[in-house]
There are 2 protein chains.
Amino acid sequence: MPHKISGFAPHDHTSCIHSALQAAENACAERGAQFTPVRRRVLEILLESHRALGAYDVLARLTTEGLGSKPPVAYRALGFLVEQGFAHRIERLNAFVACTHPGATHDPAFMICRACHKVAEAETAPSVLTDAIGDSGFSIEQTVIEAEGLCPACQEGHA
Amino acid sequence: MPHKISGFAPHDHTSCIHSALQAAENACAERGAQFTPVRRRVLEILLESHRALGAYDVLARLTTEGLGSKPPVAYRALGFLVEQGFAHRIERLNAFVACTHPGATHDPAFMICRACHKVAEAETAPSVLTDAIGDSGFSIEQTVIEAEGLCPACQEGHA
DNA sequence: ACTGGTGATGTTATAACATAACAAGATGCC
DNA sequence: GGCATCTTGTTATGTTATAACATCACCAGT
């Protein structure tokens, strides 16, 4: 079964950013969550690239822009975005990436390119893990599925 | 397809420890790697429970035993054990767990119980991730597959 | 307008995790 | 002995993350 994958393929990035922001704004309105300037700006920063940024990278940006200078400011905004499903935490990198499937069901798999550091997101069938684990009686609440390797573009560079 | 799962089920833990140590010793002998006292002791510490320990937890134990007191001592030993496949790093927890399938092919999935903090390990079919990701052209080199939830015993406690 | 609740932000301080860089010892080989 | 290699010891620092408390902005009820 093919899955929607985003992050590596060339695309209209401006509209990619715009639609993600729009989706976040709409979702916040629906849920009564506040899409404040710091939260919005942090999402914009993540959206600039399909790469994972550390909390302190984000914080540095906020600081130059006068939006906050202490770690909790960045961690709170990132925590909010993750809670709302607008961003994801990449455990392998201790870093955060904007969600490229806003609105979709969420417990995605990530592909992390070790060369260009882009991160792509793939929807997974809910069964991906239950196939491996299901017969153990363990009840899954959250999953972390991350693969590290080379994206298509970087494979060519190494060929 | 069922997979070997270990960590939650009751078992003879003494022999579990013993066989893991034996396997590590044999593997080192074969590979010409040195199974030094610190490395052995760290593996023993991890083997005491099927739980993930932070590097500093391990270090604290080493310190009380006079085997080293500075972070690099613990990180080096843990790094060695992971390299050799005698232990695994659990990204979600920034912690380390003894391997329960020593010798087997290795890129396992982990189940982390949020109640009792035990960690079980399941062999995964190599296809688990390629099913989700395969058609993207991404070449996988390493994977992180971790599920958080409740182990069978802890589910009963909550019922 | 005042009061009090709620949620967001500001700030201090510190906890927790990790490694770079260099010194010193152990081992084995020639 | 002299050299190479691997391991361990140590200092110092870098990186990631959160607890705790103060303040502010907003809104609803009176």
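Where a number appears in this text, it was derived from the coordinates with a stated rule and is not lab data. Only a predicted model underlies this, so the values are computations on that prediction, with no experimental measurement involved. Heads up, the Cβs are rebuilt from the backbone with ideal geometry, glycines too, and the neighbour counts pull from every protein chain shown.
Before moving on, here are some points about what is shown:
- Residue match in the range A:65-88 (condition: more than 18 Å from A:ALA27 (Cα to Cα), within 14 Å of DNA strand D (Cβ to nearest atom) and assigned to a strand (DSSP E or B)): no
- Restricting the range B:121-142 to residues that are among the hydrophobic types (A, V, I, L, M, F, W, C) and either more than 7 Å from every other protein chain (Cβ to nearest Cβ) or not in a strand (DSSP E or B) (or both), the residue that is farthest from A:SER139 (Cα to Cα) is B:PHE138.
- Members of the range A:143-157 that are at the interface with chain B (Cβ under 7 Å from one of its Cβ atoms) and over 18 Å from A:ALA52 (Cβ atoms): A:PRO152, A:GLN155
- Test: residue in the range A:69-86 that is touching a residue at least 60 places away in the same chain (Cβ under 8 Å), farther than 15 Å from B:ALA147 by Cα and of a type in the set (Lys, Arg): no
- Residues of the range B:91-117 that are outside any loop (DSSP other than H, G, I, E, B) and surrounded by fewer than 19 Cβ atoms within 10 Å (Cβ to Cβ): B:GLU91 alone.
- Filtered residues of the range A:19-35 (kept if touching a helix residue (DSSP H, G or I) at 6+ places or on another chain (Cβ under 9 Å) and exposed (fewer than 13 other Cβ atoms within 10 Å of the Cβ)): A:GLN34
- Applying the set (1) in contact (Cβ under 8 Å) with a residue 60 or more places away in the chain; (2) touching a Phe, Trp or Tyr at 6+ places or on another chain (Cβ under 8 Å) to A:LEU46 leaves exactly one unmet item: (1).
- Under the condition of being surrounded by fewer than 20 Cβ atoms within 10 Å (Cβ to Cβ), within 13 Å of DNA strand C (Cβ to nearest atom) and not polar (S, T, N, Q), the residues counted in the range B:69-89 number 10.
- Counted residues, the range B:52-67 - those being buried (at least 16 other Cβ atoms within 10 Å of the Cβ) and more than 13 Å from B:ALA95 (Cβ to Cβ): 3
- Pairing residues of the range A:51-65 that are more than 14 Å from every other protein chain (Cβ to nearest Cβ) with residues that are more than 10 Å from DNA strand D (Cβ to nearest atom) and part of a loop (DSSP other than H, G, I, E, B), at Cβ distances under 7 Å and at least 6 apart in sequence or on separate chains, gives A:ARG51/A:HIS117; A:LEU62/A:GLY68; A:THR63/A:SER69.
- Condition broken by B:ILE140, with the remaining ones in (1) under 30 Å from A:ALA153 (Cβ atoms); (2) hydrophobic (A, V, I, L, M, F, W, C); (3) buried (at least 19 other Cβ atoms within 10 Å of the Cβ) satisfied: (3)
- Candidates B:CYS113, B:CYS99 - the one that is of a type in the set (A, V, I, L, M, F, W, C), more than 16 Å from DNA strand C (Cβ to nearest atom) and touching a Cys at 6+ places or on another chain (Cβ under 6 Å): B:CYS113
- Residue selected from the range B:57-76 under the condition in contact with a Leu (Cβ under 9 Å, 6 or more places away or on another chain) and of a type in the set (Val, Ile, Thr), by the criterion nearest to B:ARG41 (Cα to Cα): B:VAL58
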